[in-house]
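Participant: I have a structure here, written as structure tokens, and I will follow up with some questions on it.
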Amino acid sequence: MAKALVLEETRKLTLRDIDLPSELGPEDVRIDIDTVGVCGSDVHYYTHGRIGPFVVEEPMVLGHEAAGVVSEVGTAVTGLAVGDRVCMEPGIPNTRSKAAKLGVYNVDPSVRFWATPPVHGCLTPSVVHPAAFTFRLPDHVSFAEGAMVEPFAIGMQAAARARIKPGDVAFVTGAGPIGIMVALAALAGGCAKVYVADLVEEKLQVAAQYDNIEPILIPRDDPAAVLRAATEGWGADVVFECAGAKASIQTALEVAAPAGCVVWVGMPVDPVPVDIVLAQSKELRMETVFRYANMYDRAIALLGSGKVDLKPLISETFAFEDSIAAFDRAVEAHPTDVKIQIKLGTA
Ligand code: ZN
């Protein structure tokens, strides 16, 4: 039995003892959890009890954005040692699956992902995890930053899918946590400027604290006009749609340059009509993103090098005992909050 933050049913969280698997396999490590980020998906399970086909039918431990310290290693583990500071990739694929063999293990139909029903998450003091999906942090990268690698990996996946060329101009719809992660990954990937559009000025101010992120406040500013002015009428080389709304999906297609690329990152709640002819008339390349594959080491390298600084995005940290308050704060969705974190460790 271990203490954990348990989603009992929609809108009901408890911090209580629960029976969790604790057996250490030969290729696993045990990790004392230090910091866990509260993700939009955790909050959505809390408020709605489901995301698409994934329905919470039994009590489930929340949390999937975590960093901590290795406390025990399996007999076959070679790359990690007790005391290593690490962060963990929350999706565990079947490593023998066709998807894994192809290098696209994020779309393995049998992937087990923390805090996606029926799989428990990591808001508990200790977890067992495959060493292959556990990554050492550089000494100067904090646990709090380590717990930011998960959402940043989505930005990295989007930037990689876009096949950015040095000097590209990018446009991002939505200045939420993922929109900002995508913008930072796009800059790290070689974009000269990233324009970010949102309806909420406070969110844009958070994004625009970074050099080369330019805010576009809708409806005051017209994204297509701003991007035309910035690109001699050509448009954005790369567009990342991160809002998942009908209007922003249309805007994404309008703002993209001829022969440009649109990456669909945001997830519309319901199916949305898409202006295919507009996309065809510019021969746009379209890409989609589902989580990430092979991005953790690269994301950690960018944090370690100092090229990407995620610290300004950590809005508030709650103690483990105050986990429910942390979730209620996240539900309030303050426009200036990017990431709420929960601290379990004492380091
Ligand atoms: Zn997340």
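The values are calculated or read from the model by the stated rules, or taken from the named source; none is laboratory data. Small disclaimer: the values here were computed from a predicted structure and weren't measured. Quick reminder, even Gly has a Cβ in these numbers, built from the backbone with ideal geometry, and neighbours come from all protein chains shown. Heads up: the accessible areas ignore ligands, DNA and RNA and are worked out on the full protein's heavy atoms, side chains in. Shrake-Rupley method; radii C 1.70, N 1.55, O 1.52, S 1.80 Å.
Participant: Hey, in the GNM for the chain with a 10 angstrom Cα cutoff, which one of Gly68, Gly304, Gly146 fluctuates hardest?
Facilitator: Between Gly68, Gly304, Gly146, it is Gly304 that shows the largest mean-square fluctuation.
Participant: With a point put 7 Å past each Cα toward its Cβ, work out how far Val82 is from Asp222 in nm, to one decimal.
Facilitator: Placing both labels 7 Å beyond Cα along the Cβ direction yields 6.7 nm.
Participant: Which FRET efficiency value, to the nearest 0.05, is calculated for Asp297 and Ala347 with the Förster distance at 25 angstrom and r the Cβ-Cβ distance?
Facilitator: It comes out at approximately 0.65.
Participant: Which shape class applies to the range 3-107: rounded if a/c is under 1.5, otherwise prolate when a/b exceeds b/c and oblate if not, where a ≥ b ≥ c are the square roots of the Cα gyration tensor eigenvalues?
Facilitator: Values: a/c = 2.12, a/b = 1.35, b/c = 1.57.
Here the range 3-107 falls in the oblate category.
Participant: Between Glu232 and Asn94, 0.36 nm times their residue separation minus their Cα-Cα distance comes to what?
Facilitator: So the extension gain works out to 44.8 nm.
Participant: For Glu58, put the label point 7 Å out on the Cα→Cβ axis and report which residues of the range 89-129 keep their amide N under 11 Å from it.
Facilitator: Under cut-off, by backbone N: 118-120.
Participant: Name the trypsin sites (Lys or Arg not before Pro) in the range 137-222 that are in a loop by DSSP and that have at most 15 other C-beta atoms within 10 Å, would you?
Facilitator: Within the range 137-222, the qualifying trypsin sites (Lys or Arg not before Pro) (loop, at most 15 other Cβ atoms within 10 Å) are Arg163, Arg220.
Participant: Let me ask you something else. Go from 0 up to the bin containing the longest alpha carbon distance in the chain, width 10 Å each, and give me the % of pairs per bin.
Facilitator: Spelled out bin by bin, the chain gives 6, 25, 34, 24, 10, 2, 0 percent.
Participant: What angle do you read, to the nearest 10 degrees and between 0 and 90, between the alpha-carbon axis of helix 246-255 and the longest principal axis of the chain?
Facilitator: Roughly 50 degrees between the two axes.
Participant: Select from Ala144, Ala99, Ala186 the residue whose mean-square fluctuation is largest in a Gaussian network model of the chain (Cα-Cα springs shorter than 10 Å).
Facilitator: In this elastic network of the chain, the residue with the biggest mean-square fluctuation among Ala144, Ala99, Ala186 is Ala99.
Participant: For the modelled label position 7 Å from the Cα of Arg112 along Cα-to-Cβ, which residues of the range 79-95 have backbone nitrogen atoms closer than 16 Å?
Facilitator: In the range 79-95, the label zone of Arg112 (backbone N under 16 Å from the point 7 Å along Cα→Cβ) covers 89-95.
Participant: To continue, here is another question. Send over a whole-number figure in Å² for the accessible area per residue of the range 31-170, probe 1.4 Å.
Facilitator: 40
Participant: Next question, about the same structure. Can you list residues from other chains, or at least 5 along the same chain, whose modelled amide H is less than 5 Å from the amide H of Gly260?
Facilitator: Amide H neighbours of Gly260: Arg285.
Participant: Another question, then. Connecting C-alpha atoms closer than 10 Å in a GNM of the chain, tell me which of Leu13, Leu102, Leu284 has the biggest fluctuation.
Facilitator: Top of the fluctuation ranking is Leu102.
Participant: Okay, next question. Quick one: dipole size for the chain, taken about the Cα centre, charges +1 on Lys/Arg Cβ and -1 on Asp/Glu Cβ, in debye to the nearest 20.
Facilitator: Dipole of the chain, to the nearest 20 debye: 780 debye.
Participant: Beyond 19 Å between alpha-carbons counts as too far, so tell me which of Lys165/Lys193; Lys165/Lys203; Lys203/Lys339; Lys311/Lys343; Lys165/Lys311 fall in that bin.
Facilitator: Violating the 19 Å limit, Cα to Cα: Lys165/Lys203; Lys165/Lys311.
Participant: A further question follows. Label Ile324 and Lys282 with points 7 Å out from Cα along Cα→Cβ: what is the distance between them in nm?
Facilitator: Each label point lies 7 Å from its Cα, and together they span 4.9 nm.
Participant: Could you look at the chain and say what percent of its accessible area is carbon and sulfur, using a 1.4 Å probe and all protein chains?
Facilitator: Whole-percent figure for carbon plus sulfur exposure: 53.
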